[in-house]
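Report on the following structure.
What follows is calculated from the coordinates using simple rules that are stated; it is not laboratory data. Note that the structure is predicted; figures quoted are calculated from it, not measured. Note that each Cβ is placed from the backbone with ideal geometry, even for glycine, and that neighbours are counted across all protein chains shown.
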Amino acid sequence: MSEYQTVDVVVIGAGAVGENAAGRAVQKGLSVVLVEADLVGGECSYWACMPSKALLSPGSTLKAARGVAGAREAVTGSLDVQQVLERRTSFTSNWDDSSQEEWVESAGITLERAQAIVSGEREVTLTRKDGSQARYRAEHAVVLATGSTPTIPPIDGLADLDYWTTRDATSASEVPASLAVVGGGVAGVELAQAWARLGAEVTVVARGGILANYPREASDLVLATLRAEGVTVLTDTSTNSVRHDGGAFVLDVGDGHTVTAEKLLISTGRHPNTAGIGLEELGIDPKEMESDDTGRVVGAGGWLYTVGDARGRVLLTHQGKYEARLTADAIAARSTGSLGDTAEEWSAFAATADTVAVPQVTFTDPQIAMVGRTVEQARDAGIDASETSLSIAVAGSALQVDDYEGWAQLVVDEERKVIVGATFAGPEVAELLHAATIAIVGEVPLDRLWHAVPAYPTVSEVWLRLLEQYGL
Ligand SMILES: Cc1cc2nc3c(=O)[nH]c(=O)nc-3n(C[C@H](O)[C@H](O)[C@H](O)COP(=O)(O)OP(=O)(O)OC[C@H]3O[C@@H](n4cnc5c(N)ncnc54)[C@H](O)[C@@H]3O)c2cc1C
Ligand SMILES: NC(=O)c1ccc[n+]([C@@H]2O[C@H](COP(=O)([O-])OP(=O)(O)OC[C@H]3O[C@@H](n4cnc5c(N)ncnc54)[C@H](O)[C@@H]3O)[C@@H](O)[C@H]2O)c1
């Protein structure tokens with residue numbers, strides 16, 4: 001085994017989050033080694049956000065054009081499947097990470113293409129593809145940015161079958177004739193709509209409702225659209241067993257009913273990818289691992305941090321990158337002694353928004369965009385919360401699409417008179433979300449928000465309608 005090389009920080013995992021942690025730490029003057037076993041850029045760039053949105057957006061654009069009289073008449077064809085797939089592939093750079101590698105190098109980060117394990121306190125051992133090994137000692141921090149892996153449910157027969165995970169469903173080069181999707185979460189529903197619009201006959205099997213983390217009125221709009229477009233959505237339905245009969249997957253969904261499909265996508269959630277990377281040997285149980293608001297693992301001696309999906313708080317790229325920025329700043333501040341053990345809420349080192357203001361968008365058509373707490377979550381957190389909701393029907397929405405259908409909700413903390421949650425559902429509502437995020441993070445009092453006048457005629461006028469309905 002080679003001698004140690006000493007650096008300030010070792011970041012394990014060069015997904016979007018690890019790249020950000022490494023880049024920010026270098027900017028703060030620290031030397032950084034970034035270790036990646038697969039593609040630099042991680043899940044989001046190659047098998048998640050980018051390809052899934054690239055598969056969805058042409059269908060949404062087509063529907064938007066068909067929704068406007070005058071434009072509708074100009075739309076004479078359907079989606080060009082080959083072009084959609086090629087555009088998706090171009091967004092993944094054909095699963096080639098050379099441009100990301102160039103960025104890493106230009107940022108002054110040392111890239112190691114290797115499998116890493118945490119082999120001791122502040123110590124990381126790498127095994128490169130050619131079998132050679134290297135050891136690093138991290139003077140200030142080891143940052144786990146190892147992402148997440150799909151959680152596969154214990155369905156009878158499943159383990160023996162060659163089913164799709166989201167990696168396959170975002171990178172497939174042909175449209176299956178039929179697709180069964182187990183899991184009614186955001187990944188399953190987005191991919192169900194994408195492949196249905198490309199021509200697959202799609203059945204979603206959801207053990208509860210679909211998109212159950214959102215208010216029911218919002219997820220119902222998506223459910224209605226999926227069904228109107230021919231997607232079969234089985235809600236409150238368990239998959240008891242699955243087999244492959246030589247021609248197709250056959251799912252037993254109870255009461256003698258089966259679902260048959262050429263491909264089967266299992267999208268039943270993800271969990272942090274932190275098992276088997278040496279933590280157990282150091283006496284840290286990855287399943288029980290907790291980190292503070294700076295990302296520092298509690299009870300691990302102060303040198304181990306987690307960010308992004310590996311931290312497991314919020315499994316979203318933008319929120320992981322936020323954590324990465326703050327964690328890198330905390331490591332840099334601790335390296336000079338300017339930050340102690342704890343960081344104040346909303347300081348430059350504490351990921352406070354992780355618990356109160358996470359923006360999330362489901363990029364189906366219609367979209368759902370939500371930030372902060374639902375009214376139930378707010379009440380569970382002890383907040384005296386009220387909710388105000390309405391259908392989106394303003395001049396801006398009518399101009400955007402004929403027969404615009406949308407829904408919006410504000411959740412208000414009645415004691416502080418500030419917004420603690422907001423949801424918008426409808427075509428292209430994602431762009432309404434950041435205003436709500438700013439209102440929540442800024443704790444803008446409602447009587448001041450009353451002075452934030454939405455431009456006419458935009459969909460943002462729904463903000464005015466909501467505040468009027470609230471009683472301002
Ligand atoms: C289908 C789908 C669609 C999604 N769409 C969105 C979206 O639209 N918007 C959004 O915000 N989020 C979306 N997400 C979530 C988003 O993909 C993740 O939150 C994000 O990729 C997490 O980034 P990360 O850097 O933490 O992890 P990852 O991107 O998973 O990166 C971790 C990296 O660590 C490497 N690694 C792991 N272990 C080791 C090791 N021991 N040694 C060396 N390298 C290692 C891996 O190879 C990987 O490259 C989506 C997820 C899915 C599944
Ligand atoms: N637009 C986006 O931002 C986006 C898109 C896709 C994925 N993601 C992220 O990726 C992560 C993974 O997505 P996901 O949809 O797999 O997870 P999810 O947690 O959103 O949904 C998982 C779904 O699977 C169901 N499920 C769980 N166990 C099951 C079982 N045993 N049998 C049947 N159903 C079961 C759950 O009830 C839930 O509906 C999410 O946490 C999300 O943050 C984000």
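Quick one: which of 164-176, 293-305 comes out on top by average Cβ neighbours within 10 Å, and what's the full order, highest first?
Working: 164-176: 18.2, 293-305: 20.3.
Highest to lowest by the protection proxy: 293-305, 164-176.
Evaluate E = 1/(1 + (r/R0)^6) for Gln377 and Ala348, where r is the Cβ-Cβ distance and R0 equals 30 Å; express this FRET efficiency to the nearest 0.05.
0.65
Could you line up Val11, Val26 from fewest to most neighbouring Cβ atoms inside 10 Å? Could the numbers behind the result be given before it?
Values: Val11 33, Val26 21.
Listed from fewest to most nearby Cβ atoms, that is Val26, Val11.
What is the ratio of the Cα radius of gyration of segment 366-470 to 2.2 N^0.38 Å, where N is its residue count, to two decimals?
Details: Rg = 13.1 Å, N = 105, 2.2 N^0.38 = 12.9 Å.
So the Cα radius of gyration is 1.02 times the expected 2.2 N^0.38 Å.
Would you work out the Kirkwood radius for the chain? I mean one over the mean of 1/r across all pairs of different Cα atoms, in Å. Could you put the intermediate results ahead of the total?
Values: mean 1/r = 0.0416 Å⁻¹.
Its Kirkwood hydrodynamic radius stands at 24.1 Å.
For segment 425-433, just list the computed ³J(HN,Hα) in residue order, Karplus coefficients 6.51, -1.76 and 1.60, θ = phi - 60°, integers in Hz, with x standing in for Gly and Pro.
Karplus values, whole Hz, x for Gly and Pro: 10, x, x, 6, 6, 3, 6, 7, 6.
Name the residues whose placed amide hydrogens come within less than 5 Å of the amide hydrogen of Leu265, ignoring near sequence neighbours (fewer than 5 apart) on the same chain.
Under 5 Å from the amide H of Leu265 lie the amide H atoms of Trp164, Ala180, Val181, Val182, each far enough along the sequence or on another chain.
Once label points are set 7 Å from the Cα along Cα→Cβ at both Ile152 and Ser241, what is their separation, rounded to one decimal in nm?
Those two pseudo-labels are separated by 1.9 nm.
Could I get the Rg over Rh figure for segment 44-169? Both from C-alpha atoms, Rh via Kirkwood, rounded to two places. All intermediate terms of the calculation are to be shown ahead of the outcome.
Values: Rg = 21.7 Å, Rh = 19.2 Å.
For segment 44-169, the value is 1.13.
On average over all directions, what projected area in square nanometres does segment 213-320 have, based on the convex hull of its Cα atoms? It would help to have the intermediate numbers written out before the result.
On the way: hull surface 44.5 nm².
Mean orientational projected area (segment 213-320, Cα hull): 11.1 nm².
Go from 0 up to the bin containing the longest alpha carbon distance in segment 158-268, width 5 Å each, and give me the % of pairs per bin.
Reading the bins upward from 0: 2, 12, 26, 25, 20, 10, 3, 1, 0.
What 222 nm value per residue comes from the helices of the chain, counting each DSSP H run with n ≥ 4 as -39,500 (n - 2.57) and dividing by all residues, nearest 500 deg cm²/dmol?
On the way: 15 runs with 145 residues, N = 472.
So the helix-based figure for the chain works out to -9000 deg cm²/dmol.
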